[in-house]
Amino acid sequence: MRLSEYFLSTLKEIPKDADTVSHQLMIRAGMIRKLASGIYEFLPFGLRALRKVENIIRDEMDKAGGQELYLPALLPKDLWDKSGRWALYGPELMRVKDRNGREFCLGPTHEEIITDLVKREIRSYRDLPKLLYQFQVKFRDEIRPRFGVMRAREFLMKDAYSFDVSQESAEETYRKVFDCYNRIFKRCGLRFRAVEADTGAIGGSFSHEFMVVADTGEEGIITCGCGYAANVEKAELGRESSEKKAPGQEKPLEEVETPGMKTVSEVGKFLGEPENKFIKSLVYGYGKGELIVVLVRGDYEVNEAKLRKYLGVNEVFLADEKRIEKLTGAPTGFAGPVGIKNADILADYSVEGIVNGISGANKKDYHVRNINIGRDYKAKAVLDLRKPVEGDICVKCAKKLAFSRGIEVGHTFKLGTKYSEALQADFLDRQGDKKPFVMGCYGIGVSRIVAAAIEQGSDEKGIIWPMSIAPFQVTVVPLKYDEPGIKKVSEEIYNDLLKSGYDVIIDDRDERPGVKFNDADLTGIPVRITVGDRSLKEKKVELTLRKGLKTEKVPVDEALSAVKSIIEKQI
RNA sequence: CGGGGUGUGGCGCAGUUGGUCUAGCGCGCCUGCUUUGGGAGCAGGAGGUCGCCGGUUCAAAUCCGGCCACCCCGACCA
């Protein structure tokens, strides 16, 4: 490609509404432009990176036995009714009507569609297992699109679905895809790790997320030396045994006036008690208006994902003032477990060890001291309901957990028979019995990988691409292109590289050297060959690696082989 | 959706106590000359219904009302 003809314009200044490195650089390097909130145009330079990622994924999926197909983006409502997700999905689902008023949605994911397709096509256990995948644009009307292409409302995803005869066989398929994913992200040059994750709205029994390690990541992850790694949403926490109750320590309940003090820290200061003496009581709503009281230790926070999972619902929310007042008889801030009627109480492990704890009195401007579980209130269940904090220990090995951040680029789920049962997708087994498919589903955010790669690879000058997904592998930079000697040598090298099948671009613009160097650095092309009269006098050109910006001189006729060996080594 | 903020040539911004604003600056863009190893210099030039609608006024980018768009902070997700 000739840069003089290429549809690329780079920006010197940082766009004001881009606040992450990858977003800024993708715009500055001319990869993407914004059309509307969360909706982006991919320009040729950006698309090249996207396609490279896509090709790596396709290659590995095929090697893992996958078969590519292509499903529609516009999906009829009835299939979504059958799975129940038309009602469940909420406003994130983009809904549209056709001219006859029939309802459709723009697919946010494709479990229903593929399950229905496989149901119509496959009838026998002999045709199983199957692993099907596609690259498709997905639509999710995100509450808050963010970070450019990282959280967009329309984005490119590779989604795969597996169909197996049994749980065991599905397990094996899951393992296969899991390994495949590891190879994909490795080939994309990413530093990542797989963590245990919450299953969320997709459903199913078990899942892993593939996290690209980055401080700007939206996800919190915990890791342990023993190998345990999980999304903070999912991270299991054990039962604490530190504070054992001793008989006779329990003191009688005592109401104390705490005028206007609502938060744990306010009341704690006022009473001179540490926050871990408090039983934080939160009223949550779920389902059709049911309420539940959730207790955690004062210095901890409720993990709503765990609460949702326990309740078996898709949504929980903190109850509003009115409902709290109705339940507790007091305004928000004074709720407590003692004397609650008409709602169940769930206690996190962290509150069962609290002796003579403090909580709201369910009465305006009052708290209660010396609350003890069992004696003063009964919990319907005591379980793991909180978020991990610094200092927590691993459930598997009791060592201290480490916290880090990550960008979720892939997610694998064991779905079981959730969708096949809902859509009555059955096959006949060897005995002639009808059985629902045992399914798995596996997503990769293709456009997000591109952003994540930049998030992990850049410096103050611009992007530093991994060789495998760089839009171009080499750029040939002639300084003074119109000088015949320089033109001849740079064109020769350019054409040799082209003929050898490399992705190469030549900066044949009439620009000053500084402009060309800065653009080369900004766009992050891994190898740069500079052709200028200085080194040409010695019959040499300069070879610079974008990473580290180290330059060496190589003889003109060795340039091709030098570039070849660099690329082959890195791909 | 709740809270905070911003809308002025392609990009980044100034101007906003109403009147030298006939809207300005830097970058970018076009033409010419000079220049050419890390974002050149000079000269000339193109490009804006000041987000939209309405109001107040002799006079509105500037004041008032409504709407829209976009961004940031929280819950949702590849």
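The values are calculated or read from the model by the stated rules, or taken from the named source; none is laboratory data. A quick note: this is a predicted structure, and the numbers were derived from the prediction, not measured. All Cβ positions, even for glycine, are placed from backbone atoms using ideal geometry, and neighbour counts span all protein chains on display. Please note that ligands, DNA and RNA were not included when accessible areas were found on the heavy atoms of the full protein model with its side chains. Shrake-Rupley method; radii C 1.70, N 1.55, O 1.52, S 1.80 Å.
The table for this structure:
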| item | result |
| --- | --- |
| Kirkwood-based shape ratio for segment A:322-433, expressed as Rg/Rh from alpha carbons | 1.19 |
| Segment A:254-383: C-alpha pair distances exceeding 25 Å, % | 17 percent |
| In segment A:432-502, the GluC sites (Glu not before Pro) that fall in loop regions by DSSP, at most 14 other Cβ within 10 Å | A:GLU460 |
| Segment A:472-570: relative contact order in percent, alpha carbon pairs under 8 Å with at least 6 residues between | 29 percent |
| 27 Å Cα-Cα threshold exceeded, pairs from A:LYS34/A:LYS461; A:LYS34/A:LYS63; A:LYS540/A:LYS569; A:LYS516/A:LYS564 | A:LYS34/A:LYS63 |
| Long-range HN-HN contacts of A:ARG369 with modeled amide H, under 5 Å | A:GLU254, A:GLU255, A:VAL256 |
| Isolated Cys residues of chain A, judged by Cβ distance under 4.7 Å to other cysteines | A:CYS105, A:CYS180, A:CYS188, A:CYS441 |
| Candidate aspartates and glutamates - alpha carbon under 13 Å from A:LYS52, same-chain residues fewer than 8 apart omitted | A:GLU60, A:ASP503 |
| Probe 1.4 Å, all protein chains present, accessible-area order of A:ARG120, A:ARG512, largest first | A:ARG512, A:ARG120 |
| Evaluated over chain A, the Cα radius of gyration and Dmax, each in Å | 29.3, 97 |
| Segment A:472-570: antiparallel DSSP beta bridges as a percent of all, rounded to 5 | 55 percent |
| Among the listed pairs A:LYS82/A:LYS176; A:LYS309/A:LYS364; A:LYS130/A:LYS418; A:LYS176/A:LYS547, those beyond 24 Å (Cα-Cα) | A:LYS82/A:LYS176; A:LYS309/A:LYS364; A:LYS176/A:LYS547 |
